[in-house]
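The values are calculated or read from the model by the stated rules, or taken from the named source; none is laboratory data. Here the structure is a predicted model, which means the values were calculated and not measured. Because the Cβ atoms are built from the backbone with ideal geometry, glycine has one as well, and the counts that use them run over all protein chains shown.
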Amino acid sequence: MTGASRLSRRNLLAMIGTTAGSAAMYHAMTTLGFAQESPFRGEPRLSGAPKGSSVLILGAGLAGMVAALELRKAGYKVQILEYREKAGGRCWTLRGGDTYTELGGFKQECRFDQGLYLNPGPWRIPYHHHAVLHYAAKLGVKMEPFTQVNHNAYVHSAKAFGGKPKRLREVNSDFNGHVAELLSKSTSQGALDQSVTQEDREKLLAALKGWGALDHDYRYVAGGETSERRGYAVDPGGGAVAPPKPSEPMALQDLVRSTLWRHLSTGALYEFQQSLFQPVGGMDMIAKAFERDVGKLITYNAKVTEIDQDAKGVTVRYVDAQKAGAVRTARADWCLCTLPFSILSQVKTRVSSKMQGAIDALPYTASVKVGLQFKRRFWEQDDHIYGGISYTDLPNTLISYPSTDYFSKGKGVVLGAYSWEAWAYEFTSLPPAERIKKALEYGAQIHPQYLKEFDNGVAVGWHRVPWTLGCYGDWTDALRKEHYDAAAAIDGRIAMAGEHISYLPGWQEGAILSELDAITRLHQRAVAS
């Protein structure tokens with residue numbers, strides 16, 4: 001490819017971003033060497049804290065507890081104020097016997113069997129989230145694989161194929177095959193002659209034939225090659241049985257109109273590429289491990305009501321979050337605030353107008369998760385789905401199957417709904433029992449066993465969670481341009497940290513990276529002063 005026909009890498013990225021979105025562009029940037037994995041390269045080297053200096057940390061989520069661990073090691077006197085009765089923040093797991101009361105007074109008791117759980121917040125850790133994995137390993141948290149993509153799981157649309165779900169492998173094979181056939185025709189007819197040489201054209205045709213499982217005439221048709229991708233109508237067997245029977249691909253027009261192809265790229269996104277991990281026993285195993293290390297520094301049930309600062313330090317006023325009582329006071333030389341801006345915007349805080357503007361401007365996205373316990377693991381026993389995710393255009397959006405306890409004869413919990421924005425508001429306009437009923441209604445269109453096998457469930461809407469009032473900080477490019485620098489700046493003696501002060505919103509990695517950067521700069525300022 002020469003001259004005007006050559007795409008610059010910058011133009012290629014712009015084209016990808018325009019046609020496929022920012023996630024695809026970011027993945028392409030990584031491939032081309034522009035974007036990198038998590039910049040975490042080890043624990044910060046903080047030392048020489050001024051004698052007797054202190055730091056007050058607001059919030060005992062992962063950001064707050066990592067900060068406490070590192071600042072204590074550097075020589076600071078550290079105290080953490082935490083709204084809840086336990087640490088972890090959004091690193092949260094619900095198990096049998098747990099209770100949870102949301103805004104509006106709805107109280108739920110989780111009735112899952114022993115060993116079963118739901119992670120209402122984070123539920124998976126990408127392999128390149130080095131900070132989370134580092135501290136988890138440091139604190140002895142055991143990890144196991146999390147299955148993101150399962151080719152035997154379903155993709156479903158209520159408006160396509162009579163509402164019958166299709167296996168992911170079928171859609172993936174048929175979409176790739178039909179696209180490969182179209183591209184091979186274009187290549188054979190010379191449409192790409194101005195872009196590729198004859199040698200390149202032949203190599204491309206060979207690649208398309210292999211990638212798309214095309215026959216010798218470059219057609220995607222029923223046969224052994226396509227069935228090796230999409231599965232057989234009659235699987236190969238042994239002995240005196242019928243010979244294997246190829247399956248029939250879906251017609252290109254039907255497949256395109258179904259829009260099921262929208263779900264094929266999920267596993268290719270940078271954050272969802274294997275390997276992914278989960279802590280054995282629930283995501284809050286990470287929080288519990290931190291709590292064992294820094295728990296003595298935490299004041300629980302502390303609802304912050306005011307944050308004040310002067311030239312010498314920071315004063316925070318708080319009350320008991322569980323019962324009425326006198327206002328208490330905590331004071332330190334410096335403050336690291338990890339409270340979500342959705343909460344902080346309701347707290348009287350002495351900061352600059354620029355910082356206050358950032359606090360007030362950042363919205364938080366709405367999300368809901370519904371965990372469903374079933375009497376048996378029918379998705380494995382009947383449908384042969386072991387881990388992974390099925391996708392649908394119904395309001396529950398997906399069904400995630402447990403990536404653990406395979407072949408167990410007992411009960412199991414699936415994530416029966418993980419919905420956002422309008423659908424999340426629709427779910428949480430209902431009492432929890434009705435949300436669960438809706439998740440069952442939607443899921444039964446994919447798994448008819450739902451209604452017969454259902455045991456109990458729990459539903460968490462993040463915009464009703466008292467300590468966050470939302471799932472994560474929902475930055476737009478315009479908001480970042482106007483407010484992000486102010487939000488990340490040290491304001492007098494106060495620094496902000498958390499997933500909302502990162503370019504990884506909603507991820508624990510973003511929270512930890514944000515915090516490590518904030519305490520490094522805070523330490524430098526403390527030493528300089």
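In the range 63-98, which residue that is in contact with a Gly (Cβ under 7 Å, 6 or more places away or on another chain) and either assigned to a helix (DSSP H, G or I) or of a type in the set (S, T, N, Q) (or both) is farthest from residue 304 (Cα to Cα)?
Among those residues, the one meeting the criterion is 93.
Please identify the pairs in which a residue from the range 81-98 that is free of Cβ contacts under 8 Å to residues at least 24 places away in the same chain has its Cβ atom under 9 Å from the Cβ atom of a residue that is among the aliphatic types (A, V, I, L, M), counting only partners at least 6 apart or on another chain.
96/116; 98/458
Considering only residues of the range 391-429 that are among the aliphatic types (A, V, I, L, M) and not in a strand (DSSP E or B), which is farthest from residue 274 (Cα to Cα)?
Only one residue tops the list, namely 422.
Return the total of residues in the range 498-529 being of a type in the set (A, V, I, L, M, F, W, C) and more than 13 Å from residue 65 (Cα to Cα).
8
So residue 309 passes all but one of these: (1) under 23 Å from residue 461 (Cβ atoms); (2) at pLDDT 95 or above; (3) of a type in the set (S, T, N, Q). Which condition number does it fail?
(1)
Within the range 99-143, how many residues are of a type in the set (Phe, Trp, Tyr), within 21 Å of residue 405 (Cα to Cα) and part of a loop (DSSP other than H, G, I, E, B)?
Residues in the range 99-143 being of a type in the set (Phe, Trp, Tyr), within 21 Å of residue 405 (Cα to Cα) and part of a loop (DSSP other than H, G, I, E, B): 2 in total.
Which numbered condition trips up residue 341, out of (1) of a type outside the set (Asp, Glu); (2) more than 25 Å from residue 470 (Cα to Cα); (3) crowded, with 22+ Cβ neighbours inside 10 Å?
The single condition residue 341 does not satisfy is (2).
Write out, first by first residue and then by second, each pair whose Cβ atoms fall under 8 Å of each other, whose residues are 6+ apart or on separate chains, and whose first residue, in the range 139-154, is polar (S, T, N, Q) while the second is surrounded by fewer than 17 Cβ atoms within 10 Å (Cβ to Cβ) and modelled with pLDDT of 95 or more.
152/169; 152/384
Could you please let me know if residue 454 is under 26 Å from residue 277 (Cβ atoms) and more than 23 Å from the chain's Cα centre (by Cα)?
no
Search the range 244-280 for residues being of a type in the set (Val, Ile, Thr) and in contact with a helix residue (DSSP H, G or I) (Cβ under 9 Å, 6 or more places away or on another chain), and hand back the single one that is surrounded by the most Cβ atoms within 10 Å (Cβ to Cβ).
So the residue we want is 266.
Kindly provide the set of residues from the range 432-478 that are of a type in the set (D, E, K, R) and not in a loop (DSSP other than H, G, I, E, B), ordered by number.
434, 435, 437, 438, 441, 452, 453, 455, 464, 477, listed by residue number.
Would you list the helices (runs of 4 or more DSSP H) that sit entirely within the range 286-383 and hold 2 or more residues that are outside the structural domain of residue 134 (by TED's automatic domain parsing) and polar (S, T, N, Q)?
Ranges flagged: 353-361.
Out of all the residues in the range 181-197, is one or more touching a residue at least 40 places away in the same chain (Cβ under 8 Å), in a loop (DSSP other than H, G, I, E, B) and crowded, with 16+ Cβ neighbours inside 10 Å?
No, the range 181-197 contains no residue that is touching a residue at least 40 places away in the same chain (Cβ under 8 Å), in a loop (DSSP other than H, G, I, E, B) and crowded, with 16+ Cβ neighbours inside 10 Å.
If only one of 333, 393 is acidic (Asp, Glu), touching a strand residue (DSSP E or B) at 6+ places or on another chain (Cβ under 6 Å) and modelled with pLDDT of 95 or more, which one is it?
Exactly one of 333, 393 is acidic (Asp, Glu), touching a strand residue (DSSP E or B) at 6+ places or on another chain (Cβ under 6 Å) and modelled with pLDDT of 95 or more, namely 333.
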